[in-house]
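Encoded as structure tokens, the structure appears first; notes follow it.
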């Protein structure tokens, strides 16, 4: 488990082949893009891919108290442009 904070930025889309992720929002608000297909993914480390964009994803708004489970092999992106969000990340192998 780790704590993270994203301020005024859109990170890359990520995909983890061997890990599930659970996010618990501590404060703030941001958009989360989940699912779909990575466009031109790059292997960052064994089992971890990143991409600048994806197609066919769903967009959710996350606020304080929200919990989001991201199964392995499902792309996701935290879009915090113009916002600030703090959250806990639980990684399950």
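Every number here is computed from the coordinates shown, using simple stated rules; none is lab data. Only a predicted model underlies this, so the values are computations on that prediction, with no experimental measurement involved. FYI the Cβ positions are ideal-geometry reconstructions off the backbone, even for glycines, and counts take in every protein chain you see.
Structural remarks
- Here the contact order of the chain, divided by its residue count and restricted to Cα pairs under 8 Å and six or more residues apart, works out to 52 percent.
- Residues residue 5 and residue 39, FRET efficiency given R0 of 30 Å [Cβ-Cβ distance, rounded to 0.05]: 0.65
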